[in-house]
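Undergrad: There's a structure below that I have some questions on.
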Amino acid sequence: MKGWQEKYAPLLPAILFGMAVVLVSSCGVVPKGYPPNKPFVYETNIQLQGDFSKDERKSLSSRLRNQLDDSIRIRTVGQLIREVLRNPPAYDSTHAHRSVLFMRDLLNSLGYYRDTIWFDTSLVVVPNNKHGDQFRTTVDFHVRPGKMIHIDSVAYNLNDTGSYHPNKADLQALALQSADKSILRKGDAFSKQNISTEIDRLVTLYRNNGYLRFSREELVAVWDTLDASLLAPTLDPFEQILQLEERRKRMENPTANIEFILKPGFNPTRLTKFYVGHTTVFPDYTGDSIAADRKVNHIDSSYSVVRYTDFFGWKFLSQYIYFKRGDLYNQQQYLKTVNRFNGLGAWRLVNIEQVTRPGSDTVDFNIFLTPASRYSFTTNLEVSGSNNALIQGNLLGLGANATLLNRNFARSANQYNLNARINTELSTKGKFIAAQQAGVSYTINFPRLIPNPSFIRASAKERAKTSLSIAYSNTDRKDYFIVNSLNLSWGYDIAWKNKSLRIVLPNIEYTVLQRRDSLSSLIDRNPSFKNIFNQGLVVSGQAGFKITGGKGKNVNLFSANFEESGLLSRLIDAKLFDSLYRFVKFDAEFVRSMNFGRNQLVTRFYSGVGIALKTRTRNSDIQMPYFRQFFPGGPNSMRAWNLRSLGPGSSLKTREEAPFRFGDFMFETNIEFRFPLAQIAGYKVTSALFSDIGNVWFIRPNDDFPGGELTSLKKFFKDLAVGVGTGLRFDFEFLVVRLDYSLKARNPTPAPSNAEAQSKWFYKWNGGTLLHGVFQLGINYPFVRF
């Protein structure tokens, strides 16, 4: 048995994927609601002919399929191990011919002008006495795109010899200066879509340089696919031979010359260059405001605020306006202002009116802001579950929270959140209530940096905010302890492009712990717990960084967090700091999602380390406080183990001796293959096959947990726990209810009575093993949902 385990254990991921492929690929397509005794569309295929790479063929075939007429398009719905074709359309050749026209339009837009497209059909009759015979019709579209036309040259001739306008030279200069930003390149495939995109780019360029009224109507792109010199007559036979050869080459490799010009007969007023004039803000504008009394605050000759109520102040508004008097009109700054006011959340409607002065090159702005409801109140209910038969039996976690939001705190579009939360952990063993937690938090979010440092780029400040938070929580773990915690923090959130940065400085936490008899007994048996379960002060700085990326249907997410406590505050000679915790903590996570049709593969790597440092009162057997320790298990981690029931390392302890497992270093990796199962009452039901690998360790020897420290790379691999499982997920759109079932494939920390099973692959697995797994009930997907 041991040899079998060791031999096939490395093949476990392949076995899991094989099961997934077999399950998904075994689906058969079953028609439902088909027209009986009449041909209906059962399948459509795109047969693409030509010399294409694998990726090019896949991409073009997909785009051609999207051009199918709706009346010939089929749609299937996954149901357990089969695909259901619901209400397939009756076959009509007219729809197939229309699809050919749509495909040809697509190919023309991509540069294929010598295409050949035709279709044929095949019919299979499936007898069905109950619902009528099935006349399954398969439509095969044969597509031969022919030679693609490539770009030979791109020219901008906006300052031609047509009607005179003083700004035509400026338009030409702007086009030439930004030519390197064009997506049109010599040698690229000729595409009408790309030409249209280039026109949009030029229009945006001009509007960002003062041309407020410029539009697509003023521009036109012209192109030709034939060299005019080849049409020039010649009597020289050698010249004729050369022309024929050149014409043959162009037929083999057709090219196009593209030219952008002003449309003949353009409206000259559209070429006026505008400058910003006066800006008026209406911060509390509604449909009834016209008849109401108003208060006008003239800040200066370029800016004023008109108020109908005292709902908003007026001094803060100008910092969210990105254009000022005398500036050249810039559409980007105009849109940035609209988006900024929309993003503040204090207004439900933002409208900026641009008013050009007659006979002038000046544009005034009226900013109409319609307030949103000042307050909103929301409640949420959360459920999680697992089983821990040795200690507390089946556990069910119930959580509820309520949030009051004020969108206009201090009349300046700041927001505050008042949140109250309560959690209860129910058990079927011992006391019915295993743990209770209640807390309240109050957070004020300022949509700007306070103070406003000059070294941060303006683009980053536009999405930055400052937050002040205070929170209190009470945790009552029956028989073990009562914890009261107070937290105060000041933080910054800065975002730019696909990155975000979170800085909290300072973060102040004070925790008071009241021990109960069971915890005191645990400390008697495990003296190290004395320095883990105690009370103290954290004065820390925190930083978190996140970046998202990926290509195509693949999405990547990387995040890292750092925290230090007591490195500087230790220098303060005050009795309050005698209880100070000093530590450094770091963790990082990488998640990648890869999509294969309707299936999804998600992989995750996570690791973290915490290092406790000496203090004046904690200078021996120093440990990280329990609320900063790492712990695996539960519905979002190592799912074959319950929360805090794995590790540390290869230490063997009974659950009674050590009901709480944690460590200073944690490593975990997860792989999950997700696939659709069915659709019930309009809601998606999906499943997954997954494997979780990881553990926690102490970084210093701990006499209470022999074998629990990490000493070498060899021990790291030896101590890795492995769980495998599957699950069901019910997607209700606003939340996902998840039920996972997992088995221990490799357990480095079994009960001492079962020590022979330690780190053995599939130890004593048999048919009955499948009935001794761990159920985990969770809300939403584990780790990250893509």
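The values are calculated or read from the model by the stated rules, or taken from the named source; none is laboratory data. All of these numbers come straight from a predicted model, not from anything done at the bench. Every residue, glycine among them, receives a Cβ derived from its backbone with ideal geometry; neighbour counts consider all protein chains shown. The accessibility values were calculated without ligands, DNA or RNA, using every heavy atom of the protein model including side chains. Shrake-Rupley method; radii C 1.70, N 1.55, O 1.52, S 1.80 Å.
Undergrad: When you scan region 566-576, do you find a residue that is more than 29 Å from GLY708 (Cα to Cα), of a type in the set (S, T, N, Q) and surrounded by fewer than 16 Cβ atoms within 10 Å (Cβ to Cβ), even just one?
TA: No, there is no match, as no residue in region 566-576 is more than 29 Å from GLY708 (Cα to Cα), of a type in the set (S, T, N, Q) and surrounded by fewer than 16 Cβ atoms within 10 Å (Cβ to Cβ).
Let's see how each residue does on (1) more than 35 Å from the chain's Cα centre (by Cα); (2) crowded, with 16+ Cβ neighbours inside 10 Å; (3) not aliphatic (A, V, I, L, M):
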position	(1), (2), (3)
GLU56	no, no, yes
VAL84	no, yes, no
PRO89	yes, yes, yes
HIS97	yes, no, yes
MET103	no, yes, no
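Undergrad: Out of all the residues in region 683-730, which are free of Cβ contacts under 8 Å to residues at least 12 places away in the same chain and either crowded, with 21+ Cβ neighbours inside 10 Å or in a loop (DSSP other than H, G, I, E, B) (or both)?
TA: Residues satisfying the conditions are PRO701, THR711, SER712.
Undergrad: Let me ask something else about it. Give me a count of the residues in region 586-614 that are open to solvent by 60 Å² or more (accessible area, probe 1.4 Å), of a type in the set (D, E, K, R) and assigned to a strand (DSSP E or B).
TA: The total comes to 1.
Undergrad: Separate question: Please count how many residues of region 479-509 are without any contact (Cβ under 8 Å) to a residue 40 or more places away in the chain and open to solvent by 70 Å² or more (accessible area, probe 1.4 Å).
TA: Count: 4.
Undergrad: Identify all residues within region 463-479 that are assigned to a strand (DSSP E or B), farther than 20 Å from PHE409 by Cβ and basic (Lys, Arg); write none if there are none.
TA: ARG477
Undergrad: Which of (1) in contact (Cβ under 8 Å) with a residue 12 or more places away in the chain; (2) outside any helix (DSSP H, G or I) does THR769 not meet, given it meets every other one?
TA: For THR769, the failing item is (2).
Undergrad: Scan region 613-630 residue by residue and report those that are hydrophobic (A, V, I, L, M, F, W, C) and at pLDDT 90 or above.
TA: PHE630
Undergrad: Which one of PHE562, PHE590 is at pLDDT 85 or above and within 17 Å of the chain's Cα centre (by Cα)?
TA: Just one listed residue meets the conditions, PHE590.
Undergrad: Looking for whichever is surrounded by fewer than 15 Cβ atoms within 10 Å (Cβ to Cβ) and more than 30 Å from ARG216 (Cβ to Cβ) here; the options are VAL306, VAL355, VAL296. Which one fits?
TA: VAL296
Undergrad: Now for a different question. Look at ILE523 and say whether it is outside any strand (DSSP E or B) and either hydroxyl-bearing (Ser, Thr, Tyr) or closer than 29 Å to GLY708 by Cα (or both).
TA: Here the answer is yes, as ILE523 does meet what is asked.
Undergrad: So in region 732-770, with the set limited to residues that are of a type in the set (A, V, I, L, M) and under 36 Å from the mean Cα position of the chain (by Cα), which one is surrounded by the most Cβ atoms within 10 Å (Cβ to Cβ)?
TA: ALA745
Undergrad: Within region 635-664, how many residues are surrounded by fewer than 21 Cβ atoms within 10 Å (Cβ to Cβ) and aromatic (Phe, Trp, Tyr)?
TA: Selection size over region 635-664: 1.
Undergrad: Among the residues of region 312-348, which ones are open to solvent by less than 50 Å² (accessible area, probe 1.4 Å) and either aliphatic (A, V, I, L, M) or in a strand (DSSP E or B) (or both)?
TA: Residues satisfying the conditions are LEU317, ILE321, VAL338, LEU344, ALA346, TRP347.
Undergrad: For region 123-182, give me each residue that is surrounded by 12 or more Cβ atoms within 10 Å (Cβ to Cβ), of a type in the set (Lys, Arg) and assigned to a loop (DSSP other than H, G, I, E, B).
TA: LYS147 - this is the single residue of region 123-182 that is surrounded by 12 or more Cβ atoms within 10 Å (Cβ to Cβ), of a type in the set (Lys, Arg) and assigned to a loop (DSSP other than H, G, I, E, B).
Undergrad: Show the residue pairs meeting these rules: Cβ distance below 6 Å; 6+ apart or different chains; first residue within region 363-387 and under 30 Å from HIS772 (Cα atoms); second residue part of a loop (DSSP other than H, G, I, E, B) and at pLDDT 80 or above.
TA: Close Cβ pairs (under 6 Å, with a partner that is part of a loop (DSSP other than H, G, I, E, B) and at pLDDT 80 or above) amount to SER384/PRO635; SER386/ASN642.
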